[in-house]
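Down below is the structure, laid out as structure tokens.
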Amino acid sequence: MTLPREILPADGRFGCGPSKIRPEQLAALAGPGAVLMGTSHRQAPIKNLVGQVRMGLSDLLRLPDGYEIILGNGGSTAFWDAAAFGLIERRAQNLVFGEFGGKFAAAAAAPWLDAPDVRKADAGTRTVAEAVEGVDVYAWPHNETSTGVAASISRVAGDEGALTVIDATSAAGGINVAVSQTDVYYFAPQKNLGSDGGLWFAAVSPAAIERIERVAASGRYIPEFLSLKNALDNSRLNQTLNTPAVATLVLLDKQLEWINGNGGLGWAAARTAESSQALYQWAESSPVANPFVADPADRSPVVVTIDFDETVDAAAVAASLRANGIVDTEPYRKLGRNQLRIATFVSIEPDDVRQLIKAIDYTMEGMRG
Ligand SMILES: *Cc1c(COP(=O)(O)O)cnc(C)c1O
């Protein structure tokens, strides 16, 4: 089925990561960024770029006094292991309401730690953290990308010194947050931040810095690549332990300039809310579709999951959209639902989301014959 031109989005990328990179960012790689590509990460030009990215993230997240942006290689997945080595002192509480929360819980089950207190909820719902004696890290995703559930972020009043550690991989730059309610707000840049993968970033509080330094000095074995103390020390010098992807930094720098220049996180959050609301409202009024996340308060503004009834083959719809250049609307592979999952990250134009809705309607109409 060929979709009429007038209902095609201008840009057909709706994936949840890697996600749409704006043409202006890509142009920067060939333009101002070209002189940086292929140059030493130990020299001033790349260190200045890292410094500018750290500054841009500090502005975006309105970092409270004493917080710092640190970074390292390996993406959010590496950060989970780094946290097991260098952030969790004895025991974590992990909220698991999807794939990514589950992966951190698995990393937190390291043999040198006490077994984590794992609190699971069915896909499409969520759990909340609860203070438990002896837990020193409370961890959950701000946005569970596998299901489209967004959680609220507020500090857990647990034991003194317990840290609130939030996976913001798909939230940072698209959902509002008070970072003061967290000790570690970490993410990779290939989602809302519209860059490429490979790096992790974290906004860390003074309490988290103290924890990182204390665990590093405790004599625990910590591989150098996964050492948060090493990342902290290197980040303060605007560098990473080993070679970073320079292109990822250039793309990220452009995105931060774009978001901050347009009004920052408030602007970005309004934009993702507009796009996601268009989809949720459409699904709610559709006779064959429904938002997968039943509680409107839990519905993500950046990852929209829509279930279809048995009269619609969602996989066939996604395949037909793909054949028309509208890509990555397939659901999270392990969720196994008759569903479309659509990113409404800040880079995605709300007008393109409205076009996508028309394209889905047209496709379903055509399939009914
Ligand atoms: C994508 C994603 C990750 C994994 O990020 P990588 O950089 O690929 O390791 C982790 N957590 C969440 C919430 C994500 O959306």
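Just so it is clear, none of the values below were taken in a lab; they were calculated from the coordinates. Because the structure is predicted, anything quoted here is derived from the model rather than measured. Cβ placement follows ideal geometry from the backbone for every residue including glycine, while neighbour counts extend to all protein chains displayed.
Observations on the model:
- Once the C-beta distance of Glu365 and Glu6 is scaled by a Förster radius of 22 Å, the resulting FRET efficiency is 0.90 to the nearest 0.05.
- Estimated D of the chain in µm² per second, where Rh is the Kirkwood radius over Cα pairs and Stokes-Einstein applies at 25 °C, 0.890 mPa s: 116 µm²/s
- Here the mean projected area of the convex hull built on the C-alpha positions of segment 82-155 is 4.5 nm².
- Note: relative contact order over segment 23-261, using C-alpha pairs below 8 Å and six or more positions apart, is 28 percent.
- Residue among Ala150, Ala245, Ala131 farthest towards the positive dipole end of the chain, charges placed on Cβ: Ala245
- Rounded to whole numbers, the Karplus 3J(HN,Hα) couplings from phi for segment 18-23 are x, 10, 3, 10, 5, x Hz, using 6.51 cos²θ - 1.76 cosθ + 1.60 with θ = phi - 60°, and x at Gly and Pro.
- Taken about its Cα centre, segment 23-261 carries a charge dipole of roughly 380 debye when the Cβ of each Lys and Arg holds +1 and the Cβ of each Asp and Glu holds -1.
- Computed from the C-beta positions of Glu257 and Ala207 and an R0 of 30 Å, the FRET efficiency is 0.45 to the nearest 0.05.
- Segment 293-369 shape via C-alpha gyration tensor axes, a/c threshold 1.5: oblate
- Extending 7 Å from Cα along the Cβ direction at Ser218 and again at Lys120 yields two label points whose distance is 2.7 nm.
- Each of Trp267 and Ala30 was given a label point 7 Å from its Cα along the Cα-to-Cβ line. The distance between the two points is 2.6 nm.
- Most to least packed among 109-121, 187-199 [average Cβ atoms within 10 Å]: 187-199, 109-121
- Sites excluded, GluC sites (Glu not before Pro) in DSSP loops with at most 10 other C-beta within 10 Å, longest stretch of the chain: 161-309
- Bridgeable lysines around Lys334 (alpha carbons under 24 Å apart, same-chain partners fewer than 8 residues away excluded): Lys20, Lys103, Lys120, Lys191.
- Rough spin-label spacing in nm, given labels placed 7 Å along Cα→Cβ, for Glu274 and Ala110: 4.4 nm
- Difference of contour (0.36 nm per residue) and Cα-Cα distance, Ala315 to Asp65: 85.2 nm
- ³J(HN,Hα), Karplus 6.51/-1.76/1.60, whole Hz, each residue of segment 38-53, x for Gly, Pro: x, 10, 5, 6, 9, 9, 3, x, 6, 4, 5, 5, 4, x, 5, 5
- Against the chain, whose longest principal axis comes from its Cα atoms, helix 265-285 is set at around 40 degrees.
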